[in-house]
Structures are given as structure tokens and as C-alpha cells.
Amino acid sequence: MKRWIQLCLSRLKRQFILVIGWLLIVLGLITLPLPIPLGMPLLVISAVLLLSYSVWVKRRYIHLRRQAHRGGGWMSAFLARFERSLRYKKFKRMHARKLRQSKLFFPLG
């Protein structure tokens with residue numbers, strides 16, 4: 001019974017994050033032409049959410065990346081930079097977790 005509840009909660013969490021991601025994309029596209037630089041950060045945040053929680057979006061992204069590498073130019077450079085930043089953030093999170101778990105970590109405060 002407990003396993004079933006955990007499974008339902010994880011599915012609910014995933015669906016909630018997907019809805020938030022798509023809403024952020026819509027909001028980012030609406031605010032993109034405004035003079036306030038708000039649209040692009042919303043699009044990047046929503047892309048990160050959707051890429052981490054949606055298989056369909058990940059497949060479309062891989063297809064786009066392959067098409068961009070064939071054509072070259074600014075799109076392939078942008079996608080490469082975006083992937084490097086995602087890998088760096090993941091590495092930083094993993095390193096911080098390992099540091100907290102080690103015996104050498106002394107929290108200040």
C-alpha cells in the first residue's frame with residue numbers, strides 16, 4: 001500500500017512539473033517581446049524542467065540538436081553551450097552532495 005502511494009505521488013509530482021513547464025513556456029513566449037528581459041529566462045527555466053521530466057521533449061531536443069549540427073551556425077553553438085551549462089550544474093549538485101556526505105564536511109553556522 002505504501003509503495004502504491006509513493007508511486008501515485010511521484011506521478012502527480014511529474015505531471016505538476018510538466019504543467020508548470022508548459023505554462024512557463026507560454027508565459028515566456030508572451031513576455032518575450034516586452035522591453036523587460038523576462039521572456040528568455042522563463043524559456044530557459046521551462047526548457048530545463050521539461051527536458052528533465054519529459055521523454056517526448058527530450059526526443060524533440062535530440063532531433064533539433066542533430067539538425068542543428070548538420071547545418072552548423074549559431075544554433076549548434078547555442079545548444080552546445082546550453083548542454084555544457086546543464087552538465088556543470090549537475091556536476092556541482094553531485095559534488096556538493098558527496099561533500100556533505102563525507103566526514104570532512106564541517107557546516108559553518
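Only the coordinates and a few stated rules stand behind these numbers; no lab work does. None of the values given here were measured: they were computed from a predicted structure. No Cβ is skipped: glycine too gets one built from the backbone with ideal geometry, and neighbour counts run over all protein chains shown.
Work out from phi, with θ = phi - 60° and the Karplus expression 6.51 cos²θ - 1.76 cosθ + 1.60, the ³J(HN,Hα) of each residue of region 13-20, listed in order in whole Hz, and give x for Gly and Pro.
In residue order, the calculated couplings are 4, 4, 5, 5, 5, 5, 5, 4 Hz.
Separation between the Val26 and Val48 pseudo-spin-labels, each 7 Å from Cα along Cα→Cβ, expressed in nm?
Calculated label separation equals 2.3 nm.
Please state the Cα pair-distance histogram of region 1-53 with 5 angstrom bins from zero: what percent is in each bin?
Distribution as computed: 4, 23, 20, 16, 12, 9, 7, 4, 3, 1, 0 percent.
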